[in-house]
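Note sheet for the following structure.
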Amino acid sequence: DKGTYPFYMLKEIDEQPNVMRKLSQVYLNDAGEPVINDDLMTALKAADRLYIVAAGTSYHAGLVGAKLFESLAGVPTEVHVSSEFAYNQPLLSAHPFFIFLTQSGETADSREVLLNVNEQHFPSLTITNVPNSTLSREATYTLLLHAGPEIAVASTKAYTAQIALEAILAKALGVATNQPAADDFDVKQQLALVANGMQALVDEKDTFEKISKDALLNTPNAFYIGRGLDYAVSLETALKLKEISYVQAEGFASGELKHGTIALIEKDTPVIGIITQKNTAGLTRSNLQEVAARGAKTITIVTDNLAKDGDTVILPAVDERLTALLSVVPGQLLAYYTSLNKGLDVDKPRNLAKSVTVE
Ligand code: M6R
């Protein structure tokens, strides 16, 4: 039931702070230590490389997860689009462990990979929102997202739930393998900060509706740019804009723009820069200046500690590894309001189904 909400998508965006709190309750003890099934932890510890396999928004959550597993648990992690992996399996490490990210647990492309993985007798984990879903039943282990039903075709709370659970799992694996970075990472405190930060963002809906009207409502195209984790979020926020508002949107590695795509910048082309990583903040700002000099309408989404005069959206500061949980929210709301004010069916965009059960 969507209650007083006009669309499920808005309700699901608003539920994200509570989903963060719920994951803390389910997977962290009072001391803030992860509580994860022993057999799963043993299998993860035995792996020399993690392979995250997923589609669409879940793939984008995997891109963020890989950084978390590498930085907190020190384990090399690859992320693959399931439809590609299924028929072009890369050379695997000696002891691979597979993580399937899937909100629905029914995505045919991801299931095809899982069937191949099972034939090769490799261990696997499905992270899903749906208990007893196909990928949950067929993987060795399952962890549930506890995000509550996600009805809107555009995935929002499942993305942030996937990242939060990857952070918890990466912390668990890092602690279990004595990684100092994991010991220093207070995941419970960070998820509490994230929940409060998300709440502050969803309480600012008018701001995002205004930015959408100024920059996105009447544009044929738009770019999200960033580097590293900000690039990963750019891919996700561009997908949101494409699928529900039908704006031709691309997420770009900001350093790559000048290698060709900058030719597309015209007067008033919206370019939204995501800036949450200290080591690349200055570089992304220079890339924004380059497009502004060619007429682009630039918008910035920046964390508090990196903000400058004139920035458009300021995000509360959290651990740099978790900024995706906040920087995605403006992108979700910008897509929502663009779709809404175009008079489109936000929850049921054309040509799309909630779960994609064909390859
Ligand atoms: O259920 P899954 O997470 O496996 O679904 C994967 C994609 O189909 C899904 O994320 C899709 O990209 C969404 N419509 C994005 O909003």
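The values are calculated or read from the model by the stated rules, or taken from the named source; none is laboratory data. What you are looking at is a predicted structure, and each value in this text was computed from that prediction instead of being measured. Every residue, glycine as well, gets a Cβ built from its backbone with ideal geometry; the counts of neighbours run over all protein chains shown. Each accessible area value is taken on the protein alone, full model and side chains, heavy atoms only, with ligands, DNA and RNA left out. Shrake-Rupley method; radii C 1.70, N 1.55, O 1.52, S 1.80 Å.
Can you pull the percent of segment 94-246's accessible area that's carbon plus sulfur, 1.4 Å probe, other chains left in place? If you can, show how the numbers build up before the last one.
On the way: 2580 of 5170 Å².
So the carbon and sulfur contribution to the accessible surface is 50 percent.
Largest GNM mean-square fluctuation across Leu135, Leu333, Leu344, computed for the chain with C-alpha springs under 10 Å, falls on Leu344. Is the shape of segment 142-199 rounded, prolate or oblate, going by the alpha carbon gyration tensor and its root eigenvalues a ≥ b ≥ c, with a/c under 1.5 for rounded and a/b larger than b/c for prolate? Cα axes put segment 142-199 in the oblate bin.
Indicate the gyration tensor shape class of segment 1-59 (rounded, prolate or oblate), computed on the Cα atoms with a ≥ b ≥ c the square roots of the eigenvalues: a/c under 1.5 is rounded; otherwise a/b larger than b/c is prolate and the rest oblate. Note, shape of segment 1-59 comes out oblate. Within the straight-line cut-off of under 23 Å between alpha carbons, the lysines reachable from Lys308 are Lys205, Lys210, Lys278, Lys297, sequence neighbours fewer than 8 places apart in one chain being disregarded.
For a 30 Å ceiling on Cα separation, which of these pairs sit above it: Lys67/Lys188; Lys45/Lys240; Lys2/Lys240; Lys67/Lys240?
Check vs 30 Å cut-off fails for Lys45/Lys240.
For the residues Gly74, Gly148, Gly105, a GNM of the chain with alpha-carbon springs under 10 Å puts the largest fluctuation on Gly148.
Computed over the chain, the per-residue total of -39500 (n - 2.57) for DSSP H runs of n ≥ 4 gives a 222 nm mean residue ellipticity of -14000 deg cm²/dmol, rounded to 500.
What do you get for chymotrypsin sites (Phe, Trp or Tyr not before Pro) in segment 1-91 restricted to DSSP loop and a cutoff of at most 16 other Cβ within 10 Å of the site's Cβ? Intermediate values should be presented prior to the final figure.
On the way: sites: Phe7, Tyr8, Tyr27, Tyr51, Tyr59, Phe69, Phe85, Tyr87; in loops: Phe7, Tyr87.
Answer in residue order: Tyr87.
Given +1 at the Cβ of Lys and Arg, -1 at the Cβ of Asp and Glu and no other charges, the dipole of segment 196-304 around its Cα centre is 260 debye to the nearest 20. Accessible surface calculations at 1.4 Å, restricted to protein heavy atoms, place segment 237-359 at 43 Å² per residue. Taking the DSSP beta bridges with both ends in segment 24-172, the antiparallel portion is around 5 percent. Average accessible surface for segment 88-175: 31 Å² per residue, computed with a 1.4 Å probe over protein heavy atoms with every protein chain in place. Over what distance in Å are the Cα centres of segment 58-101 and segment 176-245 separated? Cα centroid to Cα centroid, the span is 21 Å.
Take every DSSP beta bridge whose two residues both sit in the chain; close to 5 percent of them are antiparallel.
Note on Gln25 and Asn88: their simple-model spin labels are 4.4 nm apart, each label 7 Å out from Cα toward Cβ. Rolling a 1.4 Å probe across the protein heavy atoms gives segment 180-226 an accessible surface of 45 Å² per residue.
Comparing mean-square fluctuations of Asn129, Asn116, Asn287 from a GNM of the chain with C-alpha springs under 10 Å, the top value falls on Asn116.
Taking a ≥ b ≥ c as the square roots of the Cα gyration tensor eigenvalues, segment 310-357 comes out oblate, since a/c reaches at least 1.5 and a/b does not exceed b/c.
Using only alpha carbon pairs under 8 Å that are at least six residues apart, calculate the relative contact order of the chain and give it in whole percent. Present the calculation step by step, with values, prior to reporting the outcome.
Numbers: 701 pairs, mean separation 69.7, N = 359.
Taking the mean separation of contacting Cα pairs over the length of the chain, I get 19 percent.
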